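The values are calculated or read from the model by the stated rules, or taken from the named source; none is laboratory data. If you're wondering where the values come from, they're calculated on a predicted model, not measured in any experiment. Cβ sites come from the backbone with ideal geometry, for glycine too, and all protein chains shown count toward neighbours. For the accessible areas, the whole protein counts, side chains as well, though only heavy atoms, and no ligand, DNA or RNA atoms are used. Shrake-Rupley method; radii C 1.70, N 1.55, O 1.52, S 1.80 Å.
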Amino acid sequence: MSLIKATGTIGGLTMVSRIAGFARDMILARVLGPGTASDAFLLAFQLPNIFRRLFAEGAFSSAYVPMFSRRLHGEGGQASAEEFSSNVLSVFVPLLIGFTALVEIAMPGVIWVMASEYQDVPGKFELTVALAQITFPYILLISLVSLLAGILNSLSRFAPGASFPILLNLVLIVALLLGDHWRAGTGNDELVAYVLAIAVAIGGVLQLLWLWFWTHRAGIRLTLHRPRLTPEVKELGIIIVPAVFGAGVYQINQLVQLFFVTRLPNGSLSYLNFADRLNQLPLGIIGIALGTAILPMLSRYIGSEDRKGADRIQSNAIELAMLLTLPAAAALAVCAAPFVNAFFLGGRFNAADATITANVVVALVTGLPAYVLIKVLTPSYFARKDTRTPVYAAIAALLVFVLFNAFFIERFGIVGLAGATAVGAWLNSLLLYAILVRRDHYRIDAVLGGRLLRQLVATALMVAALWPLRAWFWPWFSGSIFERAIAIATLVGAGALVYFGTAFLIGAVDREKLNMLKSRKAAA
């Protein structure tokens, strides 16, 4: 029940953030549309965000949270945990400043490596470099935010760490509206892009202040002093290096993905971004929420050698993940075109753009269950201080991704690239599970296996119900705001009713857990 509660808190706030991000991209599609300015900003924005997910939220959090939790719940208690965090902060701040400064100086070379083909479009390469130099210091701010979020998560205070992305999305929405207003009459899309880049830095400052407030309120006092490489800090550094690959496989794929997508026609990065916004909605709400919630729980059970407790947490996480992810992936695949039309069509985003984006959505969401499973299975390794094994799975997935791109991208373009990403994710998740089974750390039992099969049956019935509705309401998805809202609500409502109704009837949902949850709510 604590897992459900924690996941609900993180998932609920992440949903608000994803909705705000969705609104941001809807406005971006209409204000800039797929093109030079949009591609340039998105690449400049992606760079610090990929490093943020890779190092700060991925590798750093996966290594830091178990170490902080052991000190917090060990003999030293809060004082030991605070001392450890202050030592980490004092070492990592200078490193982050140095890394940021180095990348700022090398930014023209970085963009050339990532997107040398941008030089073929007049002004696109220079604009991307300038925007990236404005946005990249965000990595410094968000890395400090991730340290504070890790502290709060270890204290089981998940809300502040799940809510801070909302601030950046709100700042970017305001920046888009202001940029569009200031551009009026000039037609200068670059002005909008510059306003957005500056807003990224402002949003990072607000996020840091937000997390610092909640950390202080939780009673944690951190100090910045002269850097000292204590044994604990050295251990953290040693763990982080392989964790970069293990926890950040999705981000590494994104980095390689950027390399390939910038070699495609103008606007391709924008299509991928808008498609990934739909894909990220369930991934963020389900995958990131569960991965964040189970890591400290698994660390406690594994640390106390409670095999049954650890298995129970892992099974609950997989069951809950697939219960929500399977219908989300299937519904997005079936309804990709209607959803893209309803959310993005308008302004500078036309029907041809919508068709390409919808095809990319279908390719991406075929890997959605795998993306979520990676988030759910990886903590089982990090809780055991094993950051090496996920490296091998990550490398194998990357090799497959690159290999498939060699065949897919020339024939299918941006859609082929999205499909290669999904194939790599499935290989990664299957390898992670197979190694857990081989080492006798965890295996899916018959009860969970049967429940997963029933979830697939419920998903199939939902698809059968959505297919005719999709055709009946097709004109509504490009109609008025009211018509679009009615059509979307009908699809979502019908899909949820059929899926969860069927899931409950055929036993795809654990009724005993639901009854326990209802009893606890009633008692509260």
Item checked: Largest-first principal axis extents of the Cα set of the chain (Å) -> 65, 60, 46
Margin query: I want to check the label-to-label distance for Q78 and R228. Put each point 7 Å from Cα in the C-beta direction and report it in nm to one decimal.
Written below: 2.2
Notebook entry, point to check: What accessible area per residue, rounded to a whole number of Å², is obtained for the chain using a probe radius of 1.4 Å?
Noted result: 41
Check: Can you tell me the Rg and the Dmax, both Å, for the Cα atoms in segment 347-475?
Finding: 18.3, 55
Notebook entry, point to check: Per the 1.4 Å probe, what fraction of the accessible area of the chain, in percent, lies on carbon and sulfur atoms?
Noted result: 68
Check: Ordering I238, I486 from largest to smallest accessible area (1.4 angstrom probe), what's the sequence?
Finding: I238, I486
Next item on the list: Would you work out the relative contact order for the chain, in percent, from Cα pairs under 8 angstrom that are 6 or more residues apart?
Entry: 21
Notebook entry, point to check: For V195, what accessible area in Å² do you get when you roll a 1.4 Å probe over the heavy atoms of the protein chains, rounding to the nearest 10?
Noted result: 30
Checklist line | Nearest-10 value in Å² for the accessible area of I302, using the 1.4 Å probe | finding: 40
Next item on the list: Subtract the Cα-Cα distance of A352 and I238 from 0.36 nm times their separation in residues, and report this length gain in nm to one decimal.
Entry: 36.2 nm
Item checked: Phi-based couplings in Hz for segment 468-475 (Karplus 6.51, -1.76, 1.60; Gly and Pro marked x) -> x, 4, 4, 6, 4, 9, 3, x
Notebook entry, point to check: Using r as the Cβ-Cβ distance of F504 and F259, and R0 as 51 Å, what FRET efficiency do you calculate, to the nearest 0.05?
Noted result: 0.65
Check: Among residues other than V360 whose Cβ falls under 13 Å from its Cβ, what is the net charge (Lys/Arg +1, Asp/Glu -1)?
Finding: -1
Check: Is any residue of segment 445-476 close enough, with backbone N under 11 Å, to a label point placed 7 angstrom from the Cα of I486 along the Cα-Cβ axis, and if so, which?
Finding: 476
Checklist line | Shape of segment 111-210, Cα gyration tensor, a/c cut at 1.5 | finding: oblate
Checklist line | Gain on full stretching of the segment that runs from V113 to L461 - 0.36 nm per residue minus C-alpha separation | finding: 120.6 nm
Next item on the list: Kindly write out, for segment 76-81 in residue order, the coupling ³J(HN,Hα) from the Karplus curve 6.51 cos²θ - 1.76 cosθ + 1.60 (θ = phi - 60°), rounded to whole Hz, with x marking Gly and Pro.
Entry: x, x, 5, 4, 5, 5
Check: Between G267 and residues 5 or more places away or on another chain, which pairs have amide H atoms under 5 Å apart, with H built 1.01 Å from N, and which residues are they?
Finding: G35
Checklist line | Computed accessible area, M297, all protein chains, 1.4 angstrom probe, square angstrom | finding: 10
Next item on the list: Work through the residues other than V437 whose Cβ is under 13 Å from its Cβ and net out their charges, Lys, Arg +1 and Asp, Glu -1.
Entry: 0
Note to self: Give me the extension gain from R411 to V174: residue separation times 0.36 nm, minus the current Cα-Cα distance, reported in nm with one decimal.
What the structure shows: 81.4 nm
Notebook entry, point to check: With each label point set 7 Å from Cα along the Cα-Cβ vector, what nm distance links R439 and R221?
Noted result: 4.0
Next item on the list: Keeping every protein chain in place, order K375, K234 by accessible area at 1.4 Å, biggest value first, i.e. largest first.
Entry: K234, K375
Notebook entry, point to check: Based on the mean of other beta carbon atoms within 10 Å per residue, what is the order of 366-374, 310-318, most packed first?
Noted result: 366-374, 310-318
Check: Which of the peptides 80-88, 500-508, 271-279 is most tightly packed, and how do the rest follow, judged by the mean count of other Cβ atoms within 10 Å per residue?
Finding: 271-279, 80-88, 500-508
Margin query: How high is the relative contact order of segment 312-390? Use alpha-carbon pairs under 8 Å, at least six apart in sequence, and give a whole percent.
Written below: 39
Next item on the list: Please report the Cα spread of segment 201-242 along all three principal axes, rounded to whole Å, starting with the longest.
Entry: 31, 25, 19
Checklist line | Sequence ranges 108-120, 407-419, ranked by mean other-Cβ count within 10 angstrom, highest first | finding: 407-419, 108-120
Notebook entry, point to check: Cα-Cα pairs above 20 Å in segment 178-234: how many percent?
Noted result: 58
